[in-house]
Each structure stands twice: as structure tokens, then as C-alpha cells.
Amino acid sequence: MSQTEQSQTERGKTPGRLARAWDSDIAWSFRHSPVAIVAGAVSVLIILAAIFAPLIAPHDPFNPATLNLMDGFTPPMEPNAFTGNVYWLGTDNQGRDVFSTILYGARISLFVGFAAVILAMVLGIAAGLVAGYRGGWVDGLLMRFADVQLTFPSILLALLIFGIARGFIPPAYREEMAIWVLIVAIGLSDWVQYARVVRGATMVEKNKEYVQAAKVIGAHPAKIVLRHILPNVLGPVLVIATIGLALAIIAEATLSFLGVGVPPTQPSLGTLIRIGQGFLFSGEWWILLFPSITLLALALSVNLLGDWLRDALNPRLR
Amino acid sequence: MTAFIIRRLLQSILVMLTVALVAFALFRFVGDPIASMVGQETTLAERQELREMLGLNDPFIVQFFTFVSRAVVGDFGISYRLQQPVMELILSRLPATLELALVSGFFAFIFGVGFGVYTALRRGGWLSSSIMTISLIGVSLPTFLIGVLLIWVFAVEFQWLPSFGRGDVVDLGGWWRTGLLTESGRASLILPAITLGLYQMTLIMRLVRAEMLEVLRTDYIKFARARGLTNRAVHFGHALKNTLVPVITITGLQLGSIIAFAIITETVFQWPGVGALFINSVRFVDVPVMAAYLMLIALVFVVINLIVDLLYYVVDPRLRVDRAGAGH
Amino acid sequence: MAEIPLLSVRNLVVEFPSRRGTLRAIDDVSFDIAEGEVLGMVGESGAGKSLTGAAIIGLLEPPGRIAGGEILLRGERIDNLAAEPMRRIRGKRIGMVFQDPLTSLNPLYTVAEQLIETIRTHISCTERVARERAIALLDRVGIPAARRRIDDYPHHFSGGMRQRVVIALALAAEPDLVIADEPTTALDVSVQAQIIDVLKEICAERGASVMLITHDMGVIAETADRVAVLYAGRLAEIGPVRDVIQAAEHPYTQGLMGSIPTLTQTDTRLVQIPGSMPRLDAIPKGCPFNPRCPHVMDRCRHDRPVLIARGSKREVACWLYEAVREEVHHG
């Protein structure tokens, strides 16, 4: 009897949950926002293409064995003068297929972007929870530090952290570690936003009765914080993380463009643009244009998605 | 008023000391200063002697005090990479950066306020909507990409404007080389200034628009309209002035960011400024230059903060509490 | 009526288009204000008092709009004027005093700057003349040491003093009509009476009419010549203050009267009307007051009551009096 009941509710639940998700405010708002749909589609497309780059890419641009210097500077959609090979988006000076380098470049850009956001998020949430829950001098110290950090542009901080980290790493390992250094630099420069939002929400939640009740029962503070307070701040955190992803991608591209980011052996979109800039005056425009368009499309669509999410989740969050 | 200024000054000094501590830690602990200064053949004893001579064996506090007292008079030591006094390097490149930053800051402010006011007053118009949409793209476009695209269009395709360098410069009094007085200097400034100012412009524009919409909803604007004041007086006399109070603060702080963002623009346009110097110091772990640049940026921020506070004071009579007693 | 009233509002309808359909905030409201008369307008918040004022002076906030009816100033329509001619009427012929003196004045300009700007917008004169006028005005509204204080900023004045400044600003170009929207609500009780006195005196002196919007029946009783009672955007009752107060006819007005305590009447209980005013998107069919009315009849739930004349000066929108009239007819 009770078993059939359970299975019934179970059966009733699964489609119900999906239907509810489809009917939720967020989904409704998504379906009614053409901007969100297009931005979401572009983001997902680029992310999937980056993940499956080894499967999609017609060439492996980083395997010297498959490269033919004779293929260099092939314009898009035109057969190469010497080899007759046709490349969809053309090739660069070393004969690398631009389309393939973009796929692999987006992979690096997105990897750095996501990793940096996760680092910033973990740091920021932890700092915010501690500051908000403990209050007192811990709060004062953390927030003063955040204030000072906030007065400096994050790109400058990232550069500085990057420089300092390189100072600690022996020159022989610098190339190898560059991508991780980059992630740490961007992540560390961007945690303040999360900390502020989480701290504010924590301070509100911690005085609510259910948290007080949990305290009285003698629940461990860490458990209270994770079980009761964290779920309440996930919405705003998600918004900040989405916009943060766009910012991190731009920051990575900027640093790589400045020549202090990923090593040339692992070019990201920023590196590709840096390379492409060198051929502007000689007329090989495609080497610059296509990576630029990809970066712009990625940054803009993630940004728009973040904007939409902010309005959909909480119109007042600014 | 005096108490206010003194309090702000003390706060500024505290911030500078904190940054100095970071810069000093950078100086002292990143890499080995001795290894950066001497060649491979120097003996251990010689190194030890140099260490003692440079005061690297002194207690931390003493070293920090020495660092600060040197920094106050502008002595940041010798660049590891260029073997020149750091201050000399910075001073020779500062005019280029300041000219770029001020021109683009001016451009960003004028157009940012203009567009912001326009889009606030003509809400829903097609031109306003277009400006808002373009501004969103502007926020998403990385600065360096704007620069590269501008070079492509205006320097490569149309060949209207130079794509790198400062053009001809004129020496003013031996310590300031300006590009503003020559035609090629001014032409060279246009693209970098737009590149650097565009992002700040969109920020200012969005801020002005939001503030202006807020102000237009206030009672005193309603009351001004109810008194039959002309739209011009209401919009530009009353609403704009009240809008600018918060805008001034943020714009002032933006000027600081502009100087920091100049790093990117200077790299794109090979502009011989402080930012390009800093990038190279990061690339080659040239610690004295990094430390000095950090202090310089902090100083710029602190000074701008002070000026903004004072401006705020001038613009908003509510802060001038002691004025009523003075009985004008 | 042979004499043209200063202001005549005819069948005014104000609507707010919204996502859930158009909301009617003011529905078929008509009244006149004679030269030199003080008309009190009472009702709960949300009854449409302030919107009526905003509609008259042409400052309805979009998307609110006048969807029907006419507003006539000395017999000329002003509800359909273009922006520029309407602006010339504001301040010059119709002045307005808002509720909160703390927010009505621009904090960044001195009182002198705001007064002189207003005077010179409507009257062509030199700066010096405008300044003298401004000082005289401030003096008249009871600002002590006006000549010295005129160059102070609004935040240098107390709330009551600021409201005097606001009145001076509203009257700066000598308008024929002053719309005072809850002019004392935000003020300290101790200065409310003074402000009302100043407003009343100075308008009487200049022969200006006043439309006094308030939810305070006490203020109306002391100040107004006639009173109009609004409920859910409709006129419930209108008539001379003395008559309405002594013998309110609309059950809603009776309820309102019950809510002012008086010292003279010993047997009056403080009556509270049960329930609350309906929201704009849920105004009941028929008479909007029917769910709260102690005398509700079947008819009230279906037919909207029209204004019924009661004597030469009073009108009331209630079916109770239709029955009376019919009885009189038959008898």
C-alpha cells in the first residue's frame, strides 16, 4: 500500500518537476526574451564547440607533423596557390587552419575563464560567509581589504599578481605554469563582488528565527552556514558568476594580448588576436578578424545572458 | 571643513602606507634583489657584503622605514632591466600617459554626460534605444579589441590617422614633452584617446542616465514643473545639476582607472607611456619598476579621491554645514 | 449658471494603461471652483485626490493620461493644450503646493535662486525687481528676517519654514488658483495650523481660489467653503462644508465624519468604517462602496449611482436618495 503510494508520487514527481521547471518564472522569462535565447544559443554553441574541439577541428594546429608551411596565408574559401587546399577561414603564417586555432583558442579562453570564476567564487563566498556570520573584527578586516582592492581596476591587480607570481616561479617553469598563474591572477582580482553579496545576505539570514533555532539546538556553525544560509545566496551569486565569466574571458584575452598571459604554444583567443594584429598592414585580415569576432560573440553573449539573469532573478540587484 | 580635510589627509596617508608595505614586500621578497643586481661570477662573500651595504640584513621595520623615506623623495632604486633610476624612467614617460589619460577622460566625460542626458530625456526614442544597445556592445568589447579595430579601419583601410607612436613632440621646459602642440602629435592622439575613453564613456553614460531618471522622479523636479519653469530650466538647470553630484565622484574615480587602463591602450598603439613600461616590468619581473608603478597609481588614486571629496563639498551645499553660522 | 466658474472639471476620466488592462483611477468626476472659493477635497489615500490635482495642472505622470472629460479655466479648455501653452499656465495661473516641503525644494539652489527663477519665468522684470518681490513674498508668508535668509539653502530651514517657502514659490507669479496637495501632512502637528492659516490668508488677500487636497476632515472643516468627497476615483458627495459636516448624506461621508472626534458632541462615538478601499483593478460593480456600506441594497451591487441633486448646492451619489426622490414624486 505504502509502496504503491510512494511509487505513484515518484512517478507523479518526475514529469511534474520538469513541468514545474518549464513553468518557473526563470524559464518563462527566458522563453519571452529573444535576447536571452540568442545569447544563450551563441554561448552554448561556442562552449560545445570548444569542448569538442578535437572532434570538430579539421586540423590539429599544434601538431607540427600535420602543418605545411606552403599552406601559409591561404585566404578564406580560396584554394591555396601551391597546395590547392581550401580552408574555410583561411590559414595563418605557419599554415595553421584559422578555424581550428579558434576552436582550440576558445577552449583555452573558456577553461581559464571558468577556472578563474570558480576560484573567485569559492574565495568570495567563503570570505563573505565568514565575514557575515562572525562579524566583528574579522568582518571589519575583510571588508576594509575588499574596499581597498575595489579601488584598483581588476586588470591592474591581475597584472600585478601575475608579475609577483612569476617572481616566485623559477624561469624554467614559467611557461608551463603560465596558465595556472593566469587563473590565480584573474581569480584573486575578482572575489570582492561575491564576498559583498554573500556577506550582506548572511547578515540578514543569520538573525532569522530558523538560524537562531539551529544555533540553540547546537548545530555546528559551518553546518548552519552551509545548510541554511548558502542556498539563499545562490541566485545573486549565479548572476555575478555569469557576468564574472564574461569579465574573466575578457581579462584573459587582454593579458594574453599584452603578451603576459598564456604561452604562444597554447594560444587563447587573445593570443590569436595578438598574432593577427601583426598581419593587419600586410593585408591578411582573416587572421585577425575571425578570432576577434569569436571573442566578441562569446563575451557579448555571456554578458547579455548575465544581464538577463540579473533582471529575471532580482530586478533590484544592481 | 579643516577637520574634514585633515581627516581625509590622514586616511590618504594610511592608504599610501599600506600600499607602500605591499610594494616593499614585493621589492624585498619577490626574487632575490642581489641576484638581480650582480653577475654570475660574484662570490658569496661579495654578495654578503653587498647585502649588508644595502641594509638587507636590517630588521624588517628599519628596512621598511628606509624604503618609505626613499620613496617619499622619489628614490625607487635602479631598474633591473634598464639599469637606470626608476624615477627617471617614470618621469620621462609620465607626460605621454597623462596627456592620453586627460584627453580621453575629457572625451569620456563630455560624451558620456551628453549621451546619458539625451537617453534619459528621450526614453524610448529610437536613437536612445540604439545608443543604449551600442553601449552594451561597448561594455562587452575588450579595450584592446577596440584599439585593434580602430587601427584597422582608420589607419589601415582609410589611412586617415597614424596607428602607433606619439607623432612629433615639443619639449616644454626640459621636463614635459607634449604632443598636443603639433599636428602629427594631435592626430596620433585621436585613436588611442577614443580607445581608452570609450569604455569609461559608456560607464558614465549609463550612470548619468540612471541618476537622471532618478532625479526626474523627485518631488523638487515635479515642483519645478508645477511652477511652470521651462523644460530647459527643469532639465539642465535643476535635474542635470543634481545628477552631476554623484556623477562627479564616480567620474573622478574613473580617471584613476583610465590611467591604469592606459596600460592596454599604450601597448596596442605603442604609446611611449608609463603603462608600456609597467607591462615590460611585469614581463621581465623588473621589481623596482613594478613597485614604483604601484606606488604611483596609488598616489594618483589617493589624490583624485581627495580632489573629488573637495569638489563634492563645493557642489553640494548640504555638506557646508558651517556656512549658515557665517551669515552671508 | 450665469457666472463662469474659475475652474470647471467636467466628467474627468484618468486612466493608467497597464499590463493587466487599463486601470481607471478617476472615473467621471465633475466639480467647479468659484472665484475666491476654497474647495476641500477629501478621501483616503488612493482615492484619486492627488491625481485630480495633477490632471488639472497637466502633470499626470505617464503612462497616466486624461481619457475623457474636460477641464476649463475661466471657460477655456486647458486639458488639451500643447506643452508650451500649458507650461505658461502652470505657476502663472495655477500654482501648486506639494505635500513634503523637505523634498519639494531643490537642495542645490538657494531660496533666492529658486524664487527669482520662478518670478522671472512668468513676469518680465529685472533680477533686482524679482529679488525685491521675492523678499516681500517671504516676508508675507512669515519668514523672519527674510532679507537676510533669502540667500540660504533649503536645508537651513525647518520643515514648517520650508513649507512657507514652498507657498511663496507657488504664489510667486500670483496664480488665480492654488492646488494644495496635503500641504500639512508631512509637518509637525504644532505648525500645521499656522501653515494652513498662512495659505488661507494670503490666497484670500489676492483673491486666489484654493483646491485643498487632504484626508483630514478637521482641516477641511476649518478652512474650506465647500467640500468634495472622493471614493475609489469617483465623487461620492459634494456640497457646502457646514451642511456636509452637520448632515453627511453619503454613507461613506458619514463614516468619515464619524472618524473625527469633536469636543462639543458628547454622544458621538468614533466610528471606523469596516474594510478598506478597493484596489483600482478590483473596483466592485455598481457602487464602489457597496461592500463596506451599512445601508447596502440590492441595487447598489448592480447599478452605479449617479449624482443626485439635494437642494441647490449639494449633490450625492447614492441610491438611498433616489428612493427618497421617487417617493417625493409619487407623493
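Bear in mind these aren't lab numbers, they're just calculated from the coordinates by the rules spelled out. Treat the numbers as computed from the prediction; the structure is a model and nothing was measured. Neighbour counts are summed over all protein chains in view; Cβ atoms, including those assigned to glycine, are modelled from backbone coordinates with ideal geometry.
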> If each of residue B:310 and residue C:76 carries a label point 7 Å out from its Cα toward its Cβ, how far apart are those two points in nm?
Replying inline: 5.4 nm
>> Amide H of residue B:229 versus every other amide H placed in the peptide plane: which residues, excluding those fewer than 5 positions away on the same chain, fall under 5 Å?
In response: none
> Which value in deg cm²/dmol, rounded to the nearest 500, describes the helix-derived mean residue ellipticity at 222 nm for chain A, given -39,500 (n - 2.57) per DSSP H run of n ≥ 4 and division by the residue count?
Replying inline: -24000 deg cm²/dmol
> So for chain A, taking the charge dipole from beta-carbon charges (+1 Lys/Arg, -1 Asp/Glu), which of A:88, A:248, A:103 sits furthest toward the positive end?
Replying inline: A:248
> Per the Cauchy relation, a quarter of the hull surface: what is the mean projected area of the convex hull of the alpha carbons in chain C, in nm²?
Replying inline: 19.4 nm²
>> So if I restrict to the alpha-carbon atoms in the protein assembly as shown, what is the Rg, and what is Dmax, the biggest pairwise distance, in Å?
In response: 36.1, 131
> Once the mean 1/r over all distinct Cα pairs of segment A:25-317 is inverted, what Kirkwood radius in angstroms do you read off?
Replying inline: 21.1 Å
> For chain C, what does -39500 (n - 2.57) per DSSP helix run (n ≥ 4), summed and divided by total residues, give at 222 nm, in deg cm²/dmol to the nearest 500?
Replying inline: -10000 deg cm²/dmol
> Under a point spin-label approximation (7 Å from Cα along Cα-to-Cβ), what is the residue B:42-residue C:283 distance to one decimal in nm?
Replying inline: 9.0 nm
> residue C:44 label point, 7 Å along Cα→Cβ, cut-off 11 Å on backbone N: hits in segment C:281-325?
Replying inline: C:289, C:291-293
> If each residue's Cβ is checked for other Cβ atoms within 10 Å, how do A:173, A:133 rank with the fewest at the top?
Replying inline: A:173, A:133
> Across the residues of A:286-294, average count of Cβ atoms on other protein chains within 10 Å?
Replying inline: 2
> Between residue B:159 and residue B:92, what FRET efficiency comes out of the Förster formula 1/(1 + (r/R0)^6) with R0 = 35 Å and r the beta carbon distance, rounded to 0.05?
Replying inline: 0.70
>> I want to check the label-to-label distance for residue A:144 and residue B:172. Put each point 7 Å from Cα in the C-beta direction and report it in nm to one decimal.
In response: 4.0 nm
>> Cβ neighbours within 10 Å, averaged per peptide: list A:118-130, A:96-108, C:294-306, B:81-93 in order, most packed at the top.
In response: A:96-108, A:118-130, B:81-93, C:294-306
> Quick one: what does P(r) look like for chain B with 10 Å bins over all Cα pairs, in whole %?
Replying inline: 5, 20, 25, 23, 16, 7, 3, 1, 0
> In deg cm²/dmol, rounded to 500, what helix-only [θ] at 222 nm does chain B give when every DSSP H run of at least 4 residues adds -39500 (n - 2.57) and the total is split over its residues?
Replying inline: -23500 deg cm²/dmol
> Rounded to the nearest 5, what % of the DSSP beta bridges within segment C:1-95 are antiparallel ones?
Replying inline: 95 percent
> Where in segment C:85-119 does the label zone of residue C:148 land, with the point 7 angstrom along Cα→C-beta and an amide N cut-off under 20 Å?
Replying inline: C:110-113
> Which Cys in chain C stand alone, with every other cysteine's Cβ at 4.7 Å or more from theirs?
Replying inline: C:125, C:203, C:293, C:318
>> Counting only other chains, and only Cβ atoms inside 10 Å, what mean value do you get across the residues of B:285-291?
In response: 3
> Hey, any idea what Rg/Rh is for segment B:94-271, computing Rh the Kirkwood way over Cα pairs?
Replying inline: 1.06
